[in-house]
Amino acid sequence: MNNFCGKGDKCERGFTLLEMLIVIAILATVTGGVFLQLNTAQQRISTEQTKVDNLDEARDFVDQFFRDINQIGYPNGHMISFLPVSTPALLATAQADTRVAVGLVQIDANSIWFEGDVNGTGVVQSVQYKINGSGGTTCPLCLQRSSVPKVNGNPFTGQSAASWGTEVNDVITTPIFTYFNTSGAAITGLPLDINSNGAILAKVKTIHISLTIQNNANVDPKTGQPIQTSFQGEVSINNCSMAATGFTGISCQ
């Protein structure tokens with residue numbers, strides 16, 4: 001700051017142009033830093049919100065799966081005297097009956113198919129969860145759900161076409177489903193279906209589900225990597241299965 005004196009020795013103080021430019025530069029730097037931090041904070045908030053949204057989507061879907069799977073195999077032919085299953089021929093007749101649910105129909109790493117009264121209406125539904133169940137290329141990473149009324153026919157080969165609906169997008173997990181028997185051992189050799197592997201399906205006790213969601217369009221500004229959200233769950237089922245002759249299930253009471 002310089003002194004400027006006029007006539008009568010009266011002096012005035014003021015800033016030089018250089019000093020003003022320096023002050024402006026400092027203010028611009030500080031302001032730029034503040035806005036940069038605000039922008040970064042906004043990006044972090046957006047990132048965390050994306051993770052929360054993905055987690056909520058996965059949780060809602062898994063909750064739906066748990067509600068469905070808890071009705072697996074109900075009502076069951078073992079509970080009703082008019083459907084004996086002591087021979088393969090009688091078992092096939094019971095499996096095809098629309099009044100009863102056979103339990104698990106097919107299991108695979110990225111899909112599961114089962115029967116049960118999932119709506120509580122007394123109507124047995126054929127339920128499937130599958131990656132890109134509707135086919136095509138529009139949603140190759142969608143985990144989708146189908147639920148259609150059971151028709152009189154083989155549970156695996158004689159049912160109506162699936163009707164795909166609810167979904168989780170951008171699922172990159174493989175495997176999504178892992179299965180364990182009553183001894184806690186992982187079940188291998190997937191896929192397994194009721195027609196060829198009924199005895200193994202009848203012993204499934206626990207199902208583990210794992211979802212990792214990643215949309216490459218959503219990038220974490222800090223890491224520069226696509227945002228990932230993971231969700232896991234596990235359910236023990238009352239596998240009152242009609243997949244094998246004479247099998248009374250883990251809990252058929």
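The values are calculated or read from the model by the stated rules, or taken from the named source; none is laboratory data. As the structure is a computational prediction, the values presented were derived from the model and not from experiment. Every residue, glycine among them, receives a Cβ derived from its backbone with ideal geometry; neighbour counts consider all protein chains shown.
Would you check if residue 55 is over 24 Å from the mean Cα position of the chain (by Cα), surrounded by fewer than 21 Cβ atoms within 10 Å (Cβ to Cβ) and modelled with pLDDT under 85?
no
Has the stretch 205-215 got any residue that is at pLDDT below 85, within 19 Å of the chain's Cα centre (by Cα) and of a type in the set (Ser, Thr, Tyr)? Let's see the steps before the verdict.
In the first step, residues of the stretch 205-215 are kept if they are at pLDDT below 85; the result is 215.
Going one step further and asking which of them are within 19 Å of the chain's Cα centre (by Cα), we end up with 215.
Subsequent filtering for residues that are of a type in the set (Ser, Thr, Tyr) retains none.
Scanning the stretch 205-215 turns up no residue that is at pLDDT below 85, within 19 Å of the chain's Cα centre (by Cα) and of a type in the set (Ser, Thr, Tyr).
If you take the residues of the stretch 1-34 that are among the small types (Gly, Ala, Ser) and either modelled with pLDDT under 75 or more than 60 Å from the chain's Cα centre (by Cα) (or both), which of them is surrounded by the fewest Cβ atoms within 10 Å (Cβ to Cβ)?
Among those that are among the small types (Gly, Ala, Ser) and either modelled with pLDDT under 75 or more than 60 Å from the chain's Cα centre (by Cα) (or both), it is 8.
Can you name every residue in the stretch 124-177 that is under 23 Å from residue 53 (Cα atoms), of a type in the set (Ser, Thr, Tyr), surrounded by fewer than 19 Cβ atoms within 10 Å (Cβ to Cβ) and touching a strand residue (DSSP E or B) at 6+ places or on another chain (Cβ under 6 Å)?
166
Regarding residue 198, is this residue farther than 25 Å from residue 50 by Cβ, surrounded by 20 or more Cβ atoms within 10 Å (Cβ to Cβ) and at pLDDT below 90? Working first, answer last.
On the way: farther than 25 Å from residue 50 by Cβ: yes; surrounded by 20 or more Cβ atoms within 10 Å (Cβ to Cβ): yes; at pLDDT below 90: yes.
The answer is yes for residue 198.
Would you mind listing the strands (runs of 3 or more DSSP E) fully within the stretch 135-253 where at least 2 residues are of a type in the set (A, V, I, L, M, F, W, C), in contact (Cβ under 8 Å) with a residue 60 or more places away in the chain and out of contact with any Phe, Trp or Tyr (no Cβ under 8 Å at 6 or more places or on another chain)? Explain how you work it out, then say what you get.
Values: elements: 143-149, 164-168, 177-181, 204-219, 226-236.
It comes to 226-236.
What residue, among those in the stretch 111-123 that are in a loop (DSSP other than H, G, I, E, B) and crowded, with 16+ Cβ neighbours inside 10 Å, is farthest from the chain's Cα centre (by Cα)?
Just the residues of the stretch 111-123 that are in a loop (DSSP other than H, G, I, E, B), to begin with: 117-123.
Then drop every residue that is not crowded, with 16+ Cβ neighbours inside 10 Å, which leaves 117-118.
Numbers: 117: 22, 118: 18 Å.
Among those that are in a loop (DSSP other than H, G, I, E, B) and crowded, with 16+ Cβ neighbours inside 10 Å, it is 117.
Could you tell me which numbered condition residue 173 fails, if it satisfies all but one of (1) polar (S, T, N, Q); (2) at positive phi; (3) in contact with a Leu (Cβ under 6 Å, 6 or more places away or on another chain)?
Unmet condition: (2).
Please verify whether residue 182 is farther than 17 Å from residue 63 by Cα and of a type in the set (Ser, Thr, Tyr), treating the condition exactly as stated. Talk me through it step by step, then tell me what you get.
On the way: farther than 17 Å from residue 63 by Cα: yes; of a type in the set (Ser, Thr, Tyr): yes.
Yes, satisfied.
Take the residues in the stretch 124-134 that are of a type in the set (Val, Ile, Thr) and not in a loop (DSSP other than H, G, I, E, B), then tell me which one is farthest from residue 195 (Cα to Cα).
131
Please specify each residue of the stretch 59-90 satisfying the condition of being surrounded by 17 or more Cβ atoms within 10 Å (Cβ to Cβ), more than 19 Å from residue 149 (Cβ to Cβ) and modelled with pLDDT under 80.
78, 85
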